Amino acid sequence: MPDAPEASIPAASQRGGYSAEARMDSPSAEAGVPAFRHSRLQRLADRWARLGFLACSLLVVGLIGGILFFLATRGLAAFLPLAGNTGRVLSFSEVFLSADWAPSSDRFGILPFIAGSLGVTGLALLIAAPAGVLTGVFIAKMAPAWMRNLMRQVMDLLVGIPSVVYGIFGLTVVLPLVSRTWLEDAPASGFAVSALILAVMIVPTIVSLSTDAFESLPSSLDEGAQALGSSRWQAIWRVLIPAARPRLLTATVLGLGRAIGEAMAVQMVIGNNPQWIALMRESTDRAPFLRALFTPAATLTTELVQELPNTAAGSTWNNVLFAMGLLLYLLTMVLILATRRLGRGREA
Amino acid sequence: MNAAVPVFRRSRTSKAVDRLMRGVLWAIALLFVAVLILFVGAILKQGWPVLNLGFLTKMPETLDAGGGIKPQIFNSIYLVMLSLAISLPVGLGAGIYMAAYAGQGRALRFLRLCIETLAATPSIVLALFGMIVFVQAMGWSFSIRSGALTLALLNIPIITRVTEVSLLAVPQELREASYGLGATKLQTIFKVALPYAATGILTGLVLTAGRAFGESAILVFTAGTNASAQFPDFRLTVPGETLSVHLWYVTSDGTLPDAREIAAGTAAVMILVLLALNLLVRLVDRTIRRRTR
């Protein structure tokens, strides 16, 4: 074990090195050399501190496992006869493959929520991914300095706005507006408005990560393209975006993660109707897709917010809700591992 | 990238496309500026008629119109402070470990993976965890302590990341000079690296406070939707409804006749607080940069 302090200084500070002289006065320039005592006590403190820092890190690792464990004990209780479980044991297919959600009649198909989550997230990404990537390239490669600063501030503010405030904005401004202008005063809650709000919420994530991606490209790429006679847009479209693609995909995946996990804002505008699939099937509308956009629906997260407070711990209903939470958590893990895969592709 | 050299045609169409796409990119960017202005404008406009001293200093009503948000303001601040007090030591410790002790190998990569996973975990999932562990298993029910501990889970990954990044930005020369003077690693961290990184960490801390202040999903299921009738109530065992939870609860519950107005006023207060926090970060950042230049 290396006792000498210089053994394990991280070599990752290539970024540093600026204004070193300006900061050197902090240890005390005029007082001369500061006296560092090196008693046995201090060496002991050094060793114990290391253990303390390690413990903090291990706590984070433990949390990841702990969340998985506790969610699993409650979520898997829906499918396994675990101790303390008062609910009925369900089969996987009657939960994951059924669209029939009627807890009071003992039917627990969560397909409407899975489909709802995927639908609203997909729509939000359809707006946010292109808009976010293009804004990223705009900030990194086209905007003048003042505009770049303005955009950074705008994105900082957008990401800092709480989800309930997004929700109340959707509820009191967007929903009435859409219903008045396009739907002849019919209620507008559903996928369309939820996805629109979600898109604005996740765009800052995609913008900031794709700005980083474009800024970290070697400038020779851009210069080379222009030397070959490309226009600004040709360089962006045919050289910069393809070169940055792995990191742009990572940005999109992280945006997806934020969208699928968002609860409160969506809950306030989506209409909270677990029977939305049945409702759409019954309708004999000419344009089913457009109708679907304005059908009150529900997602995994909104259903949790809506129903968890009304259920008794250990009941079948409660267990299924925790299974939905477990599903969300597993999805997060898969998405994070997917970004790792994408990152590895970049290095290769 | 492909080895093939792209061929760029300069034609009238390509010039037209270039001009068009420049316009499109500017339009998208300006659209976001417009969305933000519209958003903040609408929230403030709706809330402005409600915002007065009475609204900020009265207790809330349960059935009648005209209630205030005094305890919610207190609970918001109290919960943010408590959660930061819990998460700061853990986040700092983990960040220091990652920057200074973990090396460059598999351990560091694994730790990063865990931090990223925790940061990406939806707050509703953290809420479920807090509900199982603190509310039910520990028997603390909906209370300030359940809320603060669960909220800390939201802060920890952000603080860890900020600490690590700020420490890695400390110039190598500074650390080497410190070691050269005979300092131990611990002394170097606490007397040289952390003071240098303090402003970055502080900025991150303010942003973390902002996120915790706006969080609602976690608190609905851990701190509850009731505020204590006493004021100020510092007890950790009572439910602590915050501003963001109050905003959501009055909107979705609908028993208050003036729920709309209270929600609008609360939203405006929250936006004002966040704007102030943002300004604070910017001012700190600017003064620091001027001083170091």
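The values are calculated or read from the model by the stated rules, or taken from the named source; none is laboratory data. Everything quoted here is computed from the prediction, not taken from an experiment. Counting neighbours? That spans all protein chains shown, and the Cβs are built from the backbone with ideal geometry, glycine included. These accessible areas exclude ligands, DNA and RNA; they are computed on the full protein's heavy atoms, side chains included. Shrake-Rupley method; radii C 1.70, N 1.55, O 1.52, S 1.80 Å.
Which of B:Val33, B:Val50, B:Val245 ends up with the largest GNM mean-square fluctuation for chain B, with Cα atoms connected below 10 Å?
Among B:Val33, B:Val50, B:Val245, the largest mean-square fluctuation in the Gaussian network model of chain B belongs to B:Val33.
Are there any helices in chain B, counted as whole DSSP H runs, that stretch 27 Å or more along their axis by Cα and score at least 1.0 on average by Kyte-Doolittle, and if so which?
Span-like helices in chain B: B:12-47, B:70-96, B:144-168, B:194-214.
Output the relative contact order of the range A:110-310, whole-number percent, from Cα pairs under 8 angstrom with separation of 6+ residues.
Relative contact order of the range A:110-310: 35 percent.
Could you tell me the center-to-center distance, by alpha carbons, between the range B:64-125 and the range A:237-256 in angstrom?
28
Any idea how far apart A:Leu279 and A:Arg50 come out in nm if each label point goes 7 Å out from Cα toward Cβ?
6.1
Could you grab the relative contact order for chain A? Cα pairs under 8 Å, six or more apart, rounded to a whole percent.
23
Probe 1.4 Å, all protein chains in place: accessible area of A:Trp101 in Å², nearest 10?
So the heavy atoms of A:Trp101 present about 10 Å² to solvent.
Rounded, prolate or oblate: which fits the range A:110-310, taking a ≥ b ≥ c as square roots of the Cα gyration tensor eigenvalues, rounded meaning a/c under 1.5, else prolate when a/b beats b/c?
Prolate, since a/c reaches 1.5 and a/b exceeds b/c.
Averaged across A:169-175, how many Cβ atoms of other chains sit within 10 Å of each residue's Cβ atom?
That average works out to 4.
Grab the protein assembly as shown and count how many Lys pairs have their alpha-carbon atoms under 29 Å apart, sequence gap of 8 or more, or different chains. Intermediate values should be presented prior to the final figure.
Numbers: A:Lys141/B:Lys15; B:Lys45/B:Lys58; B:Lys45/B:Lys70; B:Lys58/B:Lys70.
Going through the protein assembly as shown pair by pair, I get 4.
Which percent of the Cα-Cα distances in the range B:1-123 go past 23 Å?
71
5 Å is the cut-off here: which amide hydrogens, built 1.01 Å from N in the peptide plane, fall below it relative to A:Trp101, excluding neighbours closer than 5 in sequence?
Close amide H contacts, sequence-distant or interchain: A:Gly109.
Tell me, what is a quarter of the convex hull surface for the C-alpha atoms of the range B:115-161, in nm² with one decimal?
Computing the convex hull of the Cα atoms and averaging its projections yields 3.0 nm².
Working from Cα positions, state the angle (0 to 90°, nearest 10) between the long axis of helix A:111-141 and the longest principal axis of chain A.
Its long axis makes an angle of about 40 degrees.
Mind pulling the per residue volume of the convex hull built on the Cα atoms of chain A? Å³ is fine.
Normalising the Cα hull of chain A by residue number yields 248 Å³.
Give me, ordered by chain and number, the residues 5 or more places off B:Ala227 or on other chains with an amide H under 5 Å from its own placed amide H.
For B:Ala227, the qualifying residues are B:Glu241.
What average number of partner chain Cβ atoms lie no more than 10 Å from the Cβ of the residues making up A:60-68?
Average neighbour count from other chains, rounded to a whole number: 6.
Along the positive direction of the dipole of chain A (beta-carbon charges: Lys, Arg +1; Asp, Glu -1; about the Cα centre), which of A:Pro246, A:Gly167, A:Trp317 reaches farthest?
A:Pro246
Which of A:Phe289, A:Phe322, A:Phe108 moves most in a GNM of chain A, Cα contacts under 10 Å?
Of A:Phe289, A:Phe322, A:Phe108, the Gaussian network model singles out A:Phe289 as fluctuating most.
Can you send over the carbon and sulfur percentage of the accessible area for the protein assembly as shown, probe radius 1.4 Å, protein chains only? Before the final figure, lay out the partial values.
On the way: 18760 of 29630 Å².
Accessible surface attributable to carbon and sulfur in the protein assembly as shown totals 63 percent.
Can you pull the three principal axis extents for the Cα set of chain B, in Å, largest first?
Between the extreme Cα coordinates on each principal axis of chain B lie 70, 67, 40 Å.
Which of A:Val61, A:Val133, A:Val173 ends up with the largest GNM mean-square fluctuation for chain A, with Cα atoms connected below 10 Å?
Result: A:Val61 has the largest fluctuation of those listed.
How many partner chain Cβ atoms sit within 10 Å of a residue's Cβ in peptide A:325-335, on average, as a whole number?
Across the residues of A:325-335, the mean count of other-chain Cβ atoms within 10 Å is 4.
How large is the helix-only mean residue ellipticity at 222 nm for chain B, computed as the sum of -39500 (n - 2.57) over DSSP H runs with n ≥ 4, divided by its residue count, in deg cm²/dmol to the nearest 500?
Estimated from H runs of four or more residues: -22500 deg cm²/dmol.
What is the packing order of peptides A:305-316, B:84-95, taking the mean over residues of other C-beta atoms within 10 Å and listing the highest first? Could you put the intermediate results ahead of the total?
Working: A:305-316: 16.4, B:84-95: 21.1.
Ranking, from highest mean packing down: B:84-95, A:305-316.
To the nearest 10 degrees, how steeply does helix A:40-75 sit against the main Cα axis of chain A, on a 0 to 90 scale?
Around 10 degrees separate the two axes.
Taking the Cα centre of chain B as the origin, how large is its charge dipole in debye, to the nearest 20, when only Lys and Arg (+1) and Asp and Glu (-1) carry charge on their Cβ atoms?
Here chain B has a charge dipole of around 1680 debye.
Under a point-charge model restricted to the Cβ atoms of Lys and Arg (+1) and Asp and Glu (-1), what is the dipole moment magnitude of the range B:131-205 relative to its Cα centre, in debye to the nearest 20?
160
Computed on protein heavy atoms with a 1.4 Å probe, what is the summed buried accessible area for the chain pair B and A, in Å² to the nearest 100?
Answer for the B-A pair: about 9500 Å² buried.
Can you list the HN-Hα couplings for the range A:157-171, worked out from phi with the Karplus curve (6.51, -1.76, 1.60; θ = phi - 60°), rounded to whole Hz and with x for Gly and Pro?
Ordered by residue, 3J(HN,Hα) equals 5, 4, 6, x, 6, x, 5, 5, 6, 4, x, 5, 5, x, 5 Hz.
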